[in-house]
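What follows is a set of notes on a single structure, which appears directly below.
The values are calculated or read from the model by the stated rules, or taken from the named source; none is laboratory data. This one's a predicted model, so the numbers in the text were calculated from it and none came from an experiment. With ideal geometry, Cβ positions are generated from the backbone for all residues, glycine too; neighbour counts draw on all protein chains shown. These accessible areas exclude ligands, DNA and RNA; they are computed on the full protein's heavy atoms, side chains included. Shrake-Rupley method; radii C 1.70, N 1.55, O 1.52, S 1.80 Å.
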Amino acid sequence: MQNVIEIFKEITALNRCSGNYEDFISYIKGFSSKYEYECLIDNYNNILCKKRDSKATLCFQNHYDIVCLIDNNIPKIVEENGFFKAENSTLGADNGIGCSYMLSLMSQGYDCEFLFTSDEEIGLIGANNLEHNLNAKYMLNIDSEEEGEICIGCAGGVDIFGKHYGKEIIKNSDNYELYEVEISKLPGGHSGVNIHENRPNAIKLFGKLVKENGGLLLDINAGERINSIPVNVKAIVAFKNYPTNFDEEFICINKCDTKSEHLNIWSSDITNFIYTFANGVRAYDNNLNVVLDSINLAKIKTNIDSIDIELSARSMDNKNLEIIKKETASLLEYFGFEVKTAGKYPAWKPDVNEFTNEVLNIYKTYDSNASLEAIHAGLECAIFKDKFPHMKIASIGPNIFNPHSNKESVEINSIEKIGKIVKEIADKF
């Protein structure tokens, strides 16, 4: 697996932001042709590479899209203290590294099914709509982010969307003044794997600022992706007096020069919802030692006639997920929002079997502390288990820190170690 890092650098130079397919598909077509694989592409831009007359028993699977906090961003890789990082952007190690392992195996001629799925980061769209048929008995996903953990179960999730049309023009008889509010420099992170760390949520900080200082909301654009803990807020707010009691490290407030006789404001129900909403971990599973239920207030944005809000709920239990969805929808409706839900994917119930045990045995030759685990994040494995019930599935990966944020990094030694394990699993099956 010596060429994994070289391949990673090659595909990092491609535009792989969610919703962008052309560069990577073109690359894969050329790569497949060079190493004599069929390259099949379905209507949702999922790519399946396999040998002609394949007798594969093992499928490798990863998504090829990455989170880009700036549209069409091409990460610039920086090597520092044994890690790969990027200059002021996400790195795309999630899941460029996984794809690189697969491409390395293809360059060595392995008879496996290699499935590259699209748009995982914006709702597991490719996996949910997969049109390819898979014949392999086993699947190894390489989208996990903590060395030593073999994932055999994950949370299900659902996205919740609200629209509020409550807007009115009022006379500025109380002499409100306009302020530009900007929140930034927060750590951000993945709304599943980092949700238990109590990282600050930019939208919740904004709600506290406005509510506790009697502010009126005129305009807002906050959050980056529905599966990220929000980092940024830009808003226009009217206050009677300059706000007090806020964290100046992250919140910048500047008075606007203009004074208005009338104010075009959004309903206070919107900021009341943000202020009162119980964001973060809702329940913890002590048996699995993992978050059981959580929800992330991810985005809010003003449009011409509405304010749109986006939330992402997760649970290790499908019944709990349904409860969170209904409760959140009901709460949004109470505050005047129209509600829709989308992007639901099932929980993957932990399953110990001959495949997971063999993966663990191989892993333990490199790490005696390796263990079978479940994680509070959405993996495409849950969808594939639902689509292909006969499959035995496991997920591994190298140490990736702070995915979905500008601080994302991947440990180089870990890339190399997982590469050896991946190759042994390919040899075994």
Report task. Considering the options Phe83, Ile125, Phe114, tell which one lies farthest towards the positive end of the dipole of region 70-168, charges being +1 on Lys and Arg and -1 on Asp and Glu at the Cβ, about the Cα centre. Result -> Ile125
Query raised in the report: Where the only charges are on Cβ atoms (+1 Lys, Arg; -1 Asp, Glu), what is the dipole of region 323-422 about its Cα centre, to the nearest 20 debye?
Result: 180
Report summary line: region 306-385 accessible area per residue, 1.4 Å probe, protein heavy atoms, integer Å², reads 44
Query - the chain: Cys lacking any partner C-beta under 4.7 angstrom - result: Cys39, Cys49, Cys59, Cys99, Cys112, Cys151, Cys154, Cys252, Cys256, Cys381
Query raised in the report: Taking the Cα atoms of the chain, what is the range of coordinates along each of the three principal axes, in descending order and whole Å?
Result: 77, 42, 41
Query - Extension gain (nm, one decimal) between Val78 and Ser54, 0.36 nm per residue minus Cα-Cα - result: 4.8 nm
Report summary line: Sorted largest first, the Cα spans of region 214-253 on the principal axes come out in Å as 35, 23, 13
Report summary line: At 25 °C and 0.890 mPa s, the Stokes-Einstein diffusion coefficient in µm²/s for region 264-372, with hydrodynamic radius from the Kirkwood sum on alpha carbon pairs, is 145
Report summary line: Here the Cα Rg-to-2.2 N^0.38 Å ratio for region 151-296 is 1.20
Query raised in the report: How far apart, in nm, are the 7 Å Cα→Cβ label points at Ser107 and Asp308?
Result: 4.0
Requested in this report: Go through region 215-316 and name the trypsin sites (Lys or Arg not before Pro) that are in a DSSP coil and have 15 or fewer other Cβ atoms within 10 Å of their Cβ.
Outcome: Lys240, Lys259
Query raised in the report: Out of the DSSP beta bridges found with both residues in the chain, what percent are antiparallel (nearest 5)?
Result: 80
Report summary line: Short to long, in 5 Å steps from zero, the percent of alpha-carbon pairs of region 82-190 per bin is 2, 6, 11, 15, 16, 12, 9, 7, 6, 5, 4, 3, 2, 1, 0, 0
Query raised in the report: What ratio of Cα Rg to 2.2 N^0.38 Å holds for region 5-48?
Result: 1.16
Report task. Report the residue, chosen from Ile383, Ile323, Ile47, that carries the largest GNM mean-square fluctuation when the chain is represented by alpha-carbon nodes joined by springs under 10 Å. Result -> Ile323
Query - From the C-alpha gyration tensor of region 214-302, square roots of 5λ in Å - result: 32, 14, 13
Report task. Run down the lysines and flag those whose C-alpha is under 16 Å from the C-alpha of Lys420, throwing out any fewer than 8 positions away in its chain. Result -> Lys364, Lys428
Report summary line: Largest-first semi-axes in Å of the equivalent ellipsoid built from the Cα gyration tensor of region 354-429 are 22, 19, 11
Query - Extension gain from Glu197 to Lys326, taking 0.36 nm per residue of separation minus the Cα-Cα distance - result: 43.9 nm
Query raised in the report: Based on the alpha-carbon gyration tensor of region 157-225, what equivalent-ellipsoid semi-axes (square roots of 5 times the eigenvalues) come out, in whole Å, largest first?
Result: 29, 16, 10
**Report entry** Theoretical gain in end-to-end length, Glu38 to Ser173 [0.36 nm per residue, Cα-Cα removed]
**Finding:** 41.5 nm
Requested in this report: Return the ratio Rg/(2.2 N^0.38 Å) for region 251-310, where Rg is computed over Cα atoms only.
Outcome: 1.72
Requested in this report: Go ahead and set up a Gaussian network model of the chain, Cα springs under 10 Å, then flag whichever of Ile125, Ile309, Ile265 fluctuates most.
Outcome: Ile265
Query raised in the report: Karplus couplings for region 116-128 from phi (6.51 cos²θ - 1.76 cosθ + 1.60, θ = phi - 60°), rounded to Hz, Gly and Pro as x?
Result: 10, 9, 9, 6, 5, 6, 10, x, 6, 5, x, 4, 4
Query raised in the report: Build a GNM of the chain with springs between Cα atoms under 10 Å: which of Ile307, Ile400, Ile150 gets the top mean-square fluctuation?
Result: Ile307
Query raised in the report: If you bin the C-alpha pair distances of region 1-148 every 5 Å from 0, what whole percents do you get?
Result: 2, 10, 20, 24, 21, 13, 7, 3, 0, 0
Requested in this report: Sort out for me the Cα centre separation of region 1-51 from region 199-228, rounded to whole Å.
Outcome: 39
Requested in this report: Send over the Kirkwood Rh of region 128-192, from the inverse of the averaged 1/r over different Cα pairs, rounded to one decimal Å.
Outcome: 19.4
